[in-house]
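Notes follow once the structure below has been shown.
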Amino acid sequence: MNDPYPKEEGDWICTYSMRIDEVRLLHDAVCNHIEMWPGTLAGRPTEEIEYLKYLRTQLFAMMTEYTFMNITHEVDE
């Protein structure tokens, strides 16, 4: 996946670990913020909503990967 926010050489980068329930909670918070985003007419920069949508997609990908990696298959006996 191409990162629309490439890191410049020398940029500060932070890594944070979250449990799946935290990822889900953050995804919900980002989705709610997107719904309530006041828009550019309220003086908010367009880059803000673009980043929120990018973050929502990344969090959804994390949740999907978790679900895929933790599928349990029932075997008919």
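One decimal place: the segment TRP37-LYS53 gains 4.6 nm when fully extended, by the rule 0.36 nm per residue minus the C-alpha distance.
With the simple model of a label 7 Å out from the Cα in the direction of the Cβ, PHE60 to ILE20 spans 1.9 nm. Per-residue surface analysis assigns ILE13 an accessible area of about 110 Å², computed on protein heavy atoms at 1.4 Å probe radius. Accessible surface of ARG44, taken over heavy atoms with a 1.4 Å probe and every protein chain present, rounds to 100 Å².
The values are calculated or read from the model by the stated rules, or taken from the named source; none is laboratory data. Predicted, not measured: the structure shown is a model, and the values here were computed from it. In this analysis, Cβ positions are derived from the backbone assuming ideal geometry, glycine residues included, and neighbour counts consider all displayed protein chains. Quick note on the areas: whole protein, heavy atoms, side chains included, nothing else; ligands and nucleic acids left out. Shrake-Rupley method; radii C 1.70, N 1.55, O 1.52, S 1.80 Å.
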